[in-house]
Amino acid sequence: MANTEKEVGVQTNEGLVHDLDSFNAKLAQVREAQKVFASFSQEQVDKIFKAAAIAANKARIPLAKMAVEETGMGVAEDKVIKNHYASEYIYNKYKDTKTCGTIEYDSAFGIRKVAEPIGIIGAVIPTTNPTSTAIFKTLICLKTRNGIIISPHPRAKNSTIAAAKIVLEAAVKAGAPENIIGWIDVPSLELTNELMRNSDTILATGGPGMVKAAYSSGKPALGVGAGNTPVIIDSTADIKVAVSSIIHSKTFDNGMICASEQSVTVMSDIYDEVKKEFAYRGCYFLKDEELEKVRKTIIINGALNAKIVGQKAHTIAALAGVEVPESTKILIGEVESVDISEEFAHEKLSPVLAMYKAETFDEAIAKAAQLVADGGYGHTSSLYIHPAQTEKIQKHYEAMKTCRILINTPSSHGGIGDLYNFALTPSLTLGCGSWGGNSVSENVGVKHLLNIKQVAERRENMLWFRAPEKVYFKKGCMPVALDELGTVMGKKKAFIVTDSFLYKNGYVKPIEEKLDSMGIQHTCFYNVQPDPTLASALEGTQAMKLFEPDVIIALGGGSAMDAGKIMWVLYEHPEADFMDMAMRFMDIRKRIYTFPTMGEKAYFVAIPTSSGTGSEVTPFAVITDEKTSIKYPLADYQLLPNMAIIDADNMMNQPKGLTSASGIDALTHALEAYASIMATEYTDGLALQAVKSIFDYLPSAYENGANDPIAREKMATASTMAGMAFANAFLGVCHSMAHKLGAYHHIPHGIANALLITEVMRFNAEPVPPKMGTFSQYPYPHTLERYCECARFLGICGKDDNETFEMFISKIEELKERCGVKKTIADYGVKEEDFLASLDEMVENAFDDQCTGANPRYPLFAEIKEMYLKAYYGK
Amino acid sequence: MLWFRVPEKLYFKKGSMPVAFGELKTVYNKKKALIITSASVYKSGRTAYAEKLLDEMKIQHTVFFDLDKSATLANVKDGARAAQLFEPDVIIAIGCKKVMYAAKLIRVLYEHPDADIKELSQRFNDIRSRQELFPETDLKAMLVTIPTASGTGEEVTPYASVCDGDNRLNLADYELMPEFVVVDSDNMITQTREQIASAAMMALVHLISSYDSEYATEYTDGFVFKALENIIDYLPSFYENGAADPIGCEKLAEASAMAGIAYANTCSFNSCWKKAYTTIAHDMLSKAEKDEKAFERYLSCANAMGICGSTDKEKVETLAAKLQELTELCKADG
């Protein structure tokens, strides 16, 4: 006999995984199989998944019986449900889920998601749900092309392995590689640890010890932990539904589902009624000494007594020496403390329930929160309440640190999903989030067993072309255009913003006359200084508030138009904060600050009197806080004027200095917009036309002034076109540097640009810059070619790009000279010592200027400094 | 007085539609969208993407696609009735020229149920006559246009035209202009060779008409040059390779919108109907011969295209030859 036994023993271990060697051999087999499996198509995988699910489903009754026999725990009929659920519901949930190759592709955004298997999943399976968990885990691994090795619980190994075998055989028959599912036949702590160390991801279901081991193994783990589900029955609950739901759930498989209810907190006003209903439905309330006896039976030395797990109420009562009817469904202990020192406050994994009384809903929540802290962090909690009590429901879900919060739902069935709520993912592995020390907070499914690659194709930003709704031009057009204010728009009150020079010299008069003739009331604010200050803008705004205009007419150069825009903002949105509005942005469409909507109170008309800034068509305005000397550059399309009127009659008598400075400013706008990383074909056409007009007509406009009205008009148009180009393509580092030169050394803006532009062009034209600008549309440093396109548009043709570029630079230098621009910063009377003293600060501020972002070459501090120095000394 | 007008917002770039659509919710907080399209675009499923985007933003929507081969006044009235029942706060036109035309007029009738399109067409067929006021639009619904053909450019114009029996009703007023345009070449990538050819020739006709127009300005010239450059450089490849040339598709998409901008601002609406693309090059040369000013204009255009030649005459001839090449290419399908 002994001999035979020995032989049987030898035979039993042969070919079985029972030690390190046999484990490693199995590991190698599964790995090999998984490599093959990884190349399977979705179609093949789906066929295997279906066949395996059908086979597991067919075996649901024998497997359930086997599990109960082997473990001596639970209810066979309930385990049939669990097996059925693990096969049918999991199949149904994932049958159409894409898990192989491309699972998603968005051609508009150019993003593809590709699913790849993880490799080998190390699955730890508990004794409480051995067959259903094995079915669940093997099925989701098959669906995701993973291999799986199971470490069963020693007390449930036969039934666990039987379930895995059924799934494996069916899978292989349907085409899966042999050995895609493996298991440890003779489980031990050593082999479980080895499995954890050697798998690619651990799928650990079990108590806190097992979960902790999984997380400590150094491998990624999806582990879940213990629950201690507290239930609250609110005064508004349907008591019959609540009680029977709790009994149904708590007795399911004799209370072994980890989401099962462990305590009930009942509001005092319905306490007796609830108690009566529990008793009526077959629960037993433990009396004084009975309570103490059960207390000492369920928890021994602070730990759950394994003997009660999954046993009937009657059996547990007998163990405690308490007599209860055979048919008793649940033993209920009425207790008061929710502290962990109270045995009933623990997780009991059996039909034993604690019951508490609460005077207020807040008290009930406080109790539930403590019970969660006692041993169910992250798991499940539940509430019975009238569905209309949304405030209480919210209070509850905000307070519970659990990842599943079930309303009017038996928690065993509710927590695993798809039975009482059909959006909660069906699963037998429930994530408990960081509160439970888990890496997932939801019900674990196939998505957790995939590596998702994201293939991101290069895409270009959406771009735009925006201009004022109405742009009117041609010499003499102003009265015709203004006519619309009366005839089309029916405006009643016009507020004119201008500077005192223009006002004194009668520039406002034709506007006033036109307004008078249409019966439009008007007033004029003419205290705008060059470099408009916040103080004068506030003064104008005050006048505006009193006058309440429905149209604002800004007449002048950049200063008056900018001041007008600022007053417009302050008039419409007195609450607006300049600091916020002036915040620097990398992408105007992604900026943090949302500019307020303009135009609700007044329509904005811009009428330029110089041909340079282009402010009549741009979304920009600069204002200086005279107290702090801080400049606020504002940029938002909300600042775009509604109507621009470009009438060269307003520009005829520009002084020579203004003609040349603003003309070169316009040229710089066009050149920087053309070289900008945000240049588009829409802006290119405008920029090129502007450059050409400026070369053709600026010299005559400068020399002949009002005597050459055609040149004046061409310059007016050029400046507006350049404005439209940079309103959409933005500028570059020349403007950044010019802004600071103006701020620190009071060099007029146009002149500052003139002094810097050719230096900046040489800088940008470098085909091998240390750093290029960052923008999806900007492919490689190509600014030399871009400048040459401008040159050729002017008819400049060299033998190669370098020569063309040099010819273009000389032509610009020639134009500057003809328009009386001096050679260097020094020539404008900036003292060397002052210049050098301010240099580092200018460099840093220029670098941080809003215009720098669109420059095709990303400038370094030292490079900006060098350009400044060259422009200062002229060499 | 001259003017330059474009839709308030013009968005472009391949793949821009979902980004631009976001504004319907985030900027405008729209609630109900009426999509207007043609049966063929609707059946092709191209509107489904717009519907998906609207669903994601929880903007209710419905589609009107019952347009005849040439949109008719009856179609417009049907569409307006649909709009009056549904009460959209945004109308989204997705399609070719006739869809744009129909959508512009459906909005007029939706906002002004008593308006008489026939009567309006008699008074507002020339955008230069600005004596009378067209009924104001954008009162109930913003108009969004999304072209599916790279040619007509009607997505950015103030023009509309429908058939009424044997008559064609032409309308031109800036109140017809859309407020929001999305030129996303993803919507044009599946054009057939025939569609590419006829659309490109349409754009070419717009360009040359605009350039020849007495209302041409430096603003419109800039758009003409860039659009023409794109057509010359990219049409042959896009025509040849279709969907396999997404870059060519995008360049043609932008060319057509730029041509549309030029044509919208040069009053060249009516003349367009008369000009046949096949004679463009020939007309150019004969005009250049007769008229020195015209010669200068074509020479500037040739320079803008970067055309080199030993004489100015040669440059203009080269330009004409290039256009001739393009029209020859498209003749078979146009």
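The values are calculated or read from the model by the stated rules, or taken from the named source; none is laboratory data. Note that the structure is a prediction, hence the values are computed from the model and not measured. Glycine gets a Cβ as well: all are built from the backbone with ideal geometry, and neighbour counts include every protein chain shown. What goes into the accessible areas is simple: the full protein's heavy atoms, side chains included, and nothing from ligands, DNA or RNA. Shrake-Rupley method; radii C 1.70, N 1.55, O 1.52, S 1.80 Å.
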With residue A:569 itself left out, Lys, Arg at +1 and Asp, Glu at -1 over residues whose Cβ is under 14 Å from its Cβ give -4
Label point distance in nm, residue A:630-residue A:219, each placed 7 Å from Cα along Cα→Cβ:
5.7 nm
For residue B:293 and residue B:66 in one chain, what is 0.36 nm times their gap in residues minus the Cα-Cα distance, to one decimal in nm?
77.0 nm
Leaving ligands and nucleic acids out of the surface, order A:583, A:256 by accessible area at 1.4 Å, largest first.
A:583, A:256
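Give me the accessible area buried between chains B and A, both sides summed, with a 1.4 Å probe, in Å² rounded to the nearest 100. Please list the in-between numbers first.
On the way: alone 14490 and 36470 Å², together 47140 Å².
Rounded to the nearest hundred, the buried surface is 3800 Å².
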Sorted by accessible area with a 1.4 angstrom probe, largest first, how do A:745, A:153, A:386, A:379 fall?
A:386, A:153, A:745, A:379
Which listed residue (A:199, A:728, A:556) has the Cα farthest towards the positive end of the charge dipole for chain A, taking +1 on Lys and Arg C-beta and -1 on Asp and Glu C-beta about the Cα centre?
A:199
Non-local amide H neighbours of residue A:355 (under 5 Å, H modeled in plane, Pro and chain starts lacking H): which ones?
A:264, A:333, A:334, A:335
Per-peptide average of other Cβ atoms within 10 Å, ordering A:201-207, A:688-694, A:214-220, A:670-676 highest first
A:670-676, A:688-694, A:201-207, A:214-220
Only helical DSSP H runs with n ≥ 4 go in: add -39500 (n - 2.57) per run for chain A, normalise by residue count and round the 222 nm mean residue ellipticity to 500 deg cm²/dmol.
-14500 deg cm²/dmol
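Restrict the search to segment A:703-776; then list the trypsin sites (Lys or Arg not before Pro) that DSSP places in a loop and that have at most 12 other Cβ atoms within 10 Å of their Cβ. Provide the component values of the computation, followed by the final result.
Values: sites: A:712, A:714, A:740, A:762, A:771; in loops: A:771.
Listed in order of number, the matching sites are A:771.
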Sequence-distant lysines (8 or more away, or on other chains) whose Cα lies within less than 27 Å of residue A:509:
A:470, A:474, A:475, A:491, A:492, A:493, A:545, A:565, A:601, A:656, A:714
Residue (of A:340, A:855, A:637) at the positive-pole extreme of chain A, dipole from beta-carbon charges
A:340
Measure off 7 Å from each Cα along the Cα-to-Cβ vector at residue A:289 and residue B:174, then give the distance between these two points in nanometres to one decimal.
10.0 nm
In this structure, among A:212/A:307; A:296/A:357; B:69/B:104; A:631/A:875; B:32/B:52, pairs with alpha-carbon gaps over 20 Å are A:212/A:307; A:296/A:357; A:631/A:875
Explain nothing, just the number: dipole magnitude of chain A about its Cα centre with +1 on each Lys and Arg Cβ and -1 on each Asp and Glu Cβ, in debye rounded to the nearest 20.
2060 debye
Once amide H atoms are built 1.01 Å from N in the peptide plane, which residues 5 or more positions from residue A:644, or in another chain, come under 5 Å H to H?
A:470, A:471, A:472, A:606
If you build a Gaussian network model of chain B, linking Cα atoms that sit under 10 Å apart, which residue out of B:291, B:138, B:68 swings the most?
B:291
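For a Förster distance of 22 Å, can you work out the FRET efficiency between the beta-carbons of residue A:587 and residue A:457, rounded to the nearest 0.05? Walk me through the intermediate numbers first.
Values: r = 19 Å, r/R0 = 0.89.
The value I calculate is 0.65.
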Once Lys and Arg are counted +1 and Asp and Glu -1 for all other residues with Cβ under 12 Å from that of residue A:296, the total becomes -2
Within segment B:203-288: Cβ-based charge dipole about Cα centre, in debye rounded to nearest 20 (Lys, Arg +1; Asp, Glu -1):
280 debye
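Calculate, in nm to one decimal, what residue A:340 and residue A:106 gain on full extension: separation in residues at 0.36 nm each, minus their alpha carbon distance.
On the way: separation 234, 0.36 × 234 = 84.24 nm, distance 5.21 nm.
Going from the current span to full extension adds 79.0 nm.
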Mind putting a number on the dipole of chain B about its Cα centre? Charges go on the C-beta only, +1 for Lys and Arg and -1 for Asp and Glu, and I need it in Debye to the nearest 20.
560 debye
Of the options B:215, B:144, B:196, report the single residue whose Cα projects farthest towards the positive end of the charge dipole of chain B (beta-carbon charges: Lys, Arg +1; Asp, Glu -1).
B:144
Phi to ³J(HN,Hα) by Karplus 6.51 cos²θ - 1.76 cosθ + 1.60 over segment B:142-155, Hz, x for Gly, Pro
6, 10, 10, 10, 9, x, 10, 10, 8, x, 5, x, 5, 5
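Lys and Arg at +1, Asp and Glu at -1: add these up for the other residues within a Cβ distance under 12 Å of residue A:49 and post the number.
Working: positive: A:47, A:50, A:93, A:95, A:143, A:145; negative: A:43, A:46, A:96.
Surrounding charge for residue A:49 is +3.
Suppose we take every Cα in chain B and form the convex hull; what volume per residue is that in Å³?
Values: hull volume 43.3 nm³, N = 334.
Given the Cα convex hull of chain B, per-residue volume reads 130 Å³.
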Where in segment B:91-115 does the label zone of residue B:58 land, with the point 7 angstrom along Cα→C-beta and an amide N cut-off under 18 Å?
none
With a Förster radius of 51 Å, plug the Cβ-Cβ distance of residue A:517 and residue A:696 into 1/(1 + (r/R0)^6) and report the FRET value to the nearest 0.05.
0.85
Provide the per-residue ³J(HN,Hα) series for segment B:42-56, in order, calculated from phi with Karplus coefficients 6.51, -1.76, 1.60 and θ = phi - 60°, each as a whole number of Hz, with x at glycine and proline positions.
4, 5, 5, x, 6, 7, 4, 5, 4, 5, 4, 4, 5, 4, 4
Can you give me the solvent accessible area of residue B:300 with a 1.4 Å probe, rounded to the nearest 10 Å²?
50 Å²
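Quick check: with the 1.4 Å probe, what order do A:841, A:575, B:254 take by accessible area, largest first? Can you show the working numbers first?
On the way: A:841 110, A:575 130, B:254 10 Å².
Result of the area sort, largest leading: A:575, A:841, B:254.
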³J(HN,Hα) across segment A:222-227 via Karplus (A = 6.51, B = -1.76, C = 1.60, θ = phi - 60°), whole Hz, x for Gly/Pro?
10, x, 10, x, 6, x
Which residues' amide hydrogens lie under 5 Å from the amide hydrogen of residue A:300, considering only partners 5 or more residues apart or on another chain, with H built in the peptide plane?
A:305
Report the extension gain between residue A:300 and residue A:529 in nm, rounded to one decimal, defined as 0.36 nm multiplied by the number of residues separating them, less their alpha carbon distance.
73.7 nm
Quick one: if you stick a label point 7 Å off each Cα along the C-beta vector at residue A:398 and residue A:480, how many nm between them?
6.4 nm
Mind giving me the FRET efficiency for residue A:114 and residue B:26? R0 is 25 Å, r the Cβ-Cβ distance, nearest 0.05 is fine.
0.20
What is the average number of partner chain Cβ atoms found within 10 Å of a Cβ in B:304-312?
2
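Can you show me the helix-derived [θ] at 222 nm for chain B, built from DSSP H runs with n ≥ 4 at -39,500 (n - 2.57) apiece and divided by the number of residues, rounded to the nearest 500. Please report the intermediate quantities before stating the final value.
On the way: 13 runs with 176 residues, N = 334.
When only DSSP H runs of four or more count, the value is -17000 deg cm²/dmol.
Counting pairs of alpha carbon atoms under 8 Å apart in space and at least six apart in sequence, what relative contact order in percent does segment A:417-457 give? Can you show the working numbers first?
Working: 42 pairs, mean separation 11.4, N = 41.
The value is 28 percent.
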